[in-house]
Amino acid sequence: MSSEAQYSTTGILRYEWIFGYGFLGYGEPEVTRELIKRMDWPKGLKVLDVGCGLGGAAFLMAREHQARITGVDLTEEIVDLARKRQQEQGISGVDFIQGDIHALDFAPESFDVIWSRETLLHVPEKEKLFNKFYHWLAPGGHLSITDYARRQGRGSRLFEEYVEESGYPLPELSQYEDIVSGAGFSEVDVEDKSELLSRLLEDQLHKLEKNRQEFCQRFSTEDFEYLQRRWQLKLDCCRNGDMKWAWVLARKQASV
Ligand SMILES: C[S@@+](CC[C@H](N)C(=O)[O-])C[C@H]1O[C@@H](n2cnc3c(N)ncnc32)[C@H](O)[C@@H]1O
């Protein structure tokens with residue numbers, strides 16, 4: 001499935017229904033707060049949010065930490081909706097750029113934090129992108145990424161079909177450390193959060209099934225069946241160890 005089909009307007013809103021208002025990633029807003037807690041985060045930090053989606057994390061950072069966020073997202077409908085909500089809610093300190101992160105460039109050392117949630121799963125050449133992240137990050141700055149990964153070796157037929165259908169070029173969990181260290185980052189910490197992902201998927205699937213009628217009225221039975229099938233598949237692949245959820249934290253060494 002292409003990224004465009006996945007993030008069509010109906011696609012976006014049905015995903016948001018299951019993830020929670022403003023978000024297209026897991027465990028929100030608790031996971032955003034938890035990841036922020038893991039860094040030194042003085043007020044006024046400059047953040048690049050790669051694949052910012054509907055802006056939920058950016059708005060939280062702006063509100064709760066007076067951060068200044070540049071949110072980049074490929075999908076026009078998503079950025080339009082994020083800008084509309086920003087205006088409605090009167091949030092300052094967030095600038096959205098609609099574009100492909102591969103095609104963009106920023107001045108060296110422009111950001112204190114480079115942040116990306118459930119987006120790099122769409123990126124085939126991760127090494128190149130991490131080199132750019134290193135260049136854009138200020139000395140002492142933080143990298144905070146959550147992303148899908150895979151177990152070592154080939155997964156089950158079910159998983160390989162899911163990954164192929166979705167078009168996700170997923171690295172093995174253990175390769176993430178090499179990719180990030182290889183770009184020059186230090187203090188690289190790759191945590192396997194797959195158990196948490198299983199629990200979150202279970203909760204979301206339960207919410208979907210419990211609210212079937214309301215969901216089908218708002219969207220359609222086909223949307224319900226699509227999400228139910230995908231969530232069940234992800235849950236099965238997570239439980240059997242094929243699919244991993246990587247939390248990747250790293251720093252660019254401060255200048256000496
Ligand atoms: C699963 S969503 C996650 C959104 C957001 N990070 C969140 O957690 O709510 C992935 C997002 O990545 C965006 N995306 C995919 N490829 C991209 C690229 N090459 N450059 C910028 N954004 C991209 C998609 O448009 C989509 O909004």
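The values are calculated or read from the model by the stated rules, or taken from the named source; none is laboratory data. Keep in mind it's a predicted model, so treat the numbers as computed, not measured. A quick note on method: Cβ atoms are made from the backbone with ideal geometry, for glycine too, and the neighbour counts reach across all protein chains shown. All accessible areas refer to the heavy atoms of the entire protein, side chains included, with ligands and DNA or RNA removed. Shrake-Rupley method; radii C 1.70, N 1.55, O 1.52, S 1.80 Å.
Out of R63, R85, one residue alone is open to solvent by less than 40 Å² (accessible area, probe 1.4 Å), more than 17 Å from F111 (Cα to Cα) and either of a type in the set (D, E) or not in a strand (DSSP E or B) (or both). It is R85.
Considering only residues in the stretch 202-219 that are in contact (Cβ under 8 Å) with a residue 12 or more places away in the chain and not aliphatic (A, V, I, L, M), the one that is nearest to Y26 (Cα to Cα) turns out to be Q204.
Within the option set R150, R157, being within 17 Å of the chain's Cα centre (by Cα) and open to solvent by 20 Å² or more (accessible area, probe 1.4 Å) holds for one residue only, R150. Scanning the stretch 16-25 for residues that are within 8 Å of the ligand (Cβ to nearest atom) and touching a residue at least 40 places away in the same chain (Cβ under 8 Å) yields F19, G22, L24, G25.
Looking across L197, L233, L249, one residue alone is open to solvent by 20 Å² or more (accessible area, probe 1.4 Å) and closer than 30 Å to F111 by Cα. It is L249. Taking every residue in the stretch 100-112 that is aromatic (F, W, Y) and pairing it with any residue that is open to solvent by less than 40 Å² (accessible area, probe 1.4 Å) and away from the ligand (no atom under 13 Å from the Cβ), at least 6 positions away or on another chain, the pairs with Cβ-Cβ distances below 9 Å are F106/W136; F111/L45; F111/W136; F111/L137; F111/A138; F111/G141. When the stretch 92-133 is limited to residues that are more than 14 Å from the ligand (Cβ to nearest atom) and hydroxyl-bearing (S, T, Y), the one that is farthest from L45 (Cα to Cα) turns out to be S92. Entry remark, the stretch 37-54: residues being under 14 Å from the mean Cα position of the chain (by Cα) and more than 8 Å from the ligand (Cβ to nearest atom) number 1 in total.
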